[in-house]
Amino acid sequence: MEICIVGGGIIGLATAWYLQRDGHAVSLVESRDAVGLGASHANGGQLSYRHVAPLADPALFTGYPHWLLGRDAAVRLRPRLDPGQWRWLAAFLRACNRRDHAASISALTLLSRYSRQQVGALAGDPAFDFGWRRNGKLVVYRDRHAFAAACRGLARSESEGAPRQVLDGRGCRDIEPALARVAPQLVGGIFTPDEEVGDCLALCQAFEHGLRAHPAPARVLLSETAHSIEASGGRFRALRTDRRRIEADACVIASGVHAADLLRPLGVRLPLYPLKGYSISPAIVQAGGVPAVSVTDQRRRIVYARIGNRLRVAGMADIVGYDASAPAGRIATLARETRDWFGAAVDLADLRPWAGLRPATPGGTPIVGDSTIDGLWLNVGHGALGFTLAAGCAGLLAARMAGRGAPVPDAAFAPGGAAALRDGEASRGDCGGRGAARAALR
Ligand SMILES: Cc1cc2nc3c(=O)[nH]c(=O)nc-3n(C[C@H](O)[C@H](O)[C@H](O)COP(=O)(O)OP(=O)(O)OC[C@H]3O[C@@H](n4cnc5c(N)ncnc54)[C@H](O)[C@@H]3O)c2cc1C
C-alpha cells in the first residue's frame, strides 16, 4: 500500500518504520525542519515499562496533595476560556476512579511489555545507536504516606513478576551513591533493576535514517504542514499539505497534540489536551556525582537520567494550553532541585531549557487503531509514555493495518475505547469494535 503519515515525532517515525518494514511505500510529513523537535525532543529518556500508572489517579487529590499545592507544584492548572480544556478536565476527573485507573494500568502494562521486546530488538541493531542502557530505575520518597502507599501497591506488581527492591534511605544511597547529599531526607525508595533509558531524539533520528536508507526509501517531507484530509464515501482519499496533494491508500495521523485540529473538520473528535512539561540538560562535570541509575523524585515528579554526557532533568505537568514556551520559574525550579541534589557535579550555567507538550488523553491510554473513516488510522495520545510505548504502538498499528492479529489486547486503545471522551457517547463497555469507534468519534 501507499501510506502517508503525519508527524515526525517518535510515534510517527516508529509507525513509518514499521510500515516500511511490512513492505509499504511510505511518505512522512513533518512541519518542522527536522524530525523529533516536538514533545519527543528532550523528554525524560525513561523507557519505563513497569511504571505506567496514569496521572488520572483517585489518590491524586488525597494521597499526593503536594503535587498540586505550592509554588513548585508538580501539576499546575491554569483555567482558560477554552471549552476543549474544560471537556478534557471533566473527562480526566471522571477517569480518576479506582476501576478506570486499574484498567488503564493493566492495559498499559501489557502494551509496555510488548514495547520492551520491540525496543530490545532495536537496541541490539547497530543501526540504532540511541544511548540505550538497562540502568534500572530508583523512585525515591520524602513523604512517609506516599512511600507506604507505594509499598502497598507493590504487592500487585510483584504478582505480575516485577522484580522490585524496597529500600530505606541508606539503601537508596547504596544503590546510587550520587544520592549521598539527599539521602538523609529520603524515607525510602523502590528500585526496579530492569527499567531502561535512552535518548528519544537519537531514536527519532535513527528511525529517519532507516527510512531513508531502505532499498525502497521513504519520502521524508520536512518543513511541510498537513492542513487537510480529503475523504469521500466514508473513505480516505488524499492528504493535502501546504505544498502538494498526496494520494495514498491509507493515512496515519501521528501529529501529537495537534492531531485533533486536523481531524475535527471530518467530524472526528479526539480527547487530547497538552500536559506541558519541562527539562534541563546540564553538562556533567563530575561523573561520580550524578546518578548512573535513573532516579525519580516522587515528591516533585522529577526524573534524573544520564543522556550521553548530560544529565536530563525532566518533569511537571501543567494544564495551561498550547503555548510551548518554557517559563523561567519552572526552569528555575528544575535547576534549584538539581543543585540541591547533585551540587557541582553538573554545570548549571549551561541548562539547555526545554518545554514539551505531552499529547494526553484523560485516562492516560493512547489511541491506536482505525478511525471512523476507512483508510484513516490513528496513533496519538501517548501522554507521559510516548518514548516507552512508541515501538509497541507502531508494531500494534502495523499489525492491525495488515489485518494480522493484534500482538497485545488492544480494546483499551481503540478510538472508541478507554481513551475516548466519556461524554455519554462512548463508554468503556463500547470499546471493542469499529462500530463503537464510529459512535464515539463523531
Ligand atoms: C517533560 C517531558 C518528559 C517526558 N518524559 C518521558 C519519558 O521519560 N519517557 C516516555 O516514555 N515519555 C516521556 N514523555 C512523553 C513523550 O515525550 C511523548 O509522549 C512523545 O514524545 C509523543 O510523541 P509524538 O510523536 O506523539 O509527538 P511529537 O513528538 O510532538 O511529534 C508530533 C510531530 O507532529 C508534527 N506535526 C503536528 N502537526 C502537524 C501537521 N499538521 N503537519 C505536519 N506535521 C505536524 C509536529 O511538528 C511534531 O514534530 C515526556 C514528555 C515531556 C513533555
Residues in region 238-260 that are in a strand (DSSP E or B), within 11 Å of the ligand (Cβ to nearest atom) and without any contact (Cβ under 8 Å) to a residue 40 or more places away in the chain total 1
Of (1) within 25 Å of Phe236 (Cα to Cα); (2) at pLDDT below 95, Arg422 satisfies every one except (1)
Subset of region 261-273 that is within 11 Å of the ligand (Cβ to nearest atom) and in contact (Cβ under 8 Å) with a residue 40 or more places away in the chain - its residue that is farthest from Leu28 (Cα to Cα): Leu272
Restricting region 1-44 to residues that are in a helix (DSSP H, G or I) and near the ligand (Cβ under 6 Å from one of its atoms), the residue that is farthest from Ala402 (Cα to Cα): Ile10
Qualifying residue in region 209-219 (condition: touching a residue at least 12 places away in the same chain (Cβ under 8 Å) and in a strand (DSSP E or B)): yes
Tell me, which strands (runs of 3 or more DSSP E) lie completely within region 328-402 with 2 or more residues that are within 15 Å of the ligand (Cβ to nearest atom) and under 22 Å from Ala102 (Cα atoms)? 354-360, 367-370
Checking Arg235 against (1) basic (Lys, Arg); (2) within 13 Å of the ligand (Cβ to nearest atom); (3) at pLDDT 95 or above; (4) out of contact with any Ser or Thr (no Cβ under 9 Å at 6 or more places or on another chain): exactly one of these is not met. Which one? (2)
Let me confirm something: among Ala127, Ala148, Ala121, which residue is at negative phi, among the aliphatic types (A, V, I, L, M) and assigned to a loop (DSSP other than H, G, I, E, B)? Ala127
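When you go through Gly288, Gly277, Gly321 one by one, which is the residue that is within 13 Å of the ligand (Cβ to nearest atom) and either closer than 25 Å to Trp88 by Cβ or assigned to a helix (DSSP H, G or I) (or both)?
Gly277
The values are calculated or read from the model by the stated rules, or taken from the named source; none is laboratory data. All values derive from a computational prediction rather than experimental measurement. Because the Cβ atoms are built from the backbone with ideal geometry, glycine has one as well, and the counts that use them run over all protein chains shown.
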